[in-house]
Structures are given as C-alpha cells and as structure tokens.
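> Sharing a structure with you now.
Every number in this text was worked out from the coordinates using simple rules, so none of it is lab data. Here the structure is a predicted model, which is why all the values come from computation and not from measurement.
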C-alpha cells in the first residue's frame, strides 16, 4: 500500500458484521480495521476485520474496548 491514505468501501465477511459495508482507509502494508460493535463478544468492544489473500475482508476476532 502507499502512503496516500486511499479510502475504499469493503464488504465484511463472517463474524457479527457479516454482509455490512464500511469505508476503510488503507494506510500501511498490513491493513485491518476495528469496528465498534454492540454485537461483538465484548461489551463496548470492536470486531476486527482484515483482508485475506484474495482481498475479501474477513472477521478475525472481537476485541475488548480497553485493548490497544
């Protein structure tokens, strides 16, 4: 990825946000996004999504609100 902070819209696959689309800003070579989500495994937490080798954005895990 380049340093131009390109924003794309991606469809999420798997996990609690399956089928939703979200904007993602590509800022580095290891892109991922943490989306605040009331339906995740942790109260007030976020669901983590990242692209797989085919470019599909797939659910990785849920993260507590206090995780960094």
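> Any idea what the relative contact order of the chain is, in percent, if you count C-alpha pairs under 8 Å spaced at least 6 apart? Walk me through the numbers on the way to the answer.
Working: 140 pairs, mean separation 19.2, N = 68.
So the answer I get is 28 percent.
> In the set [x] 34, 24, 18; [y] 45, 25, 18; [z] 41, 20, 13, which value of Cα extents along the principal axes in Å was calculated from the structure you see?
Answer label, from the structure shown: [x].
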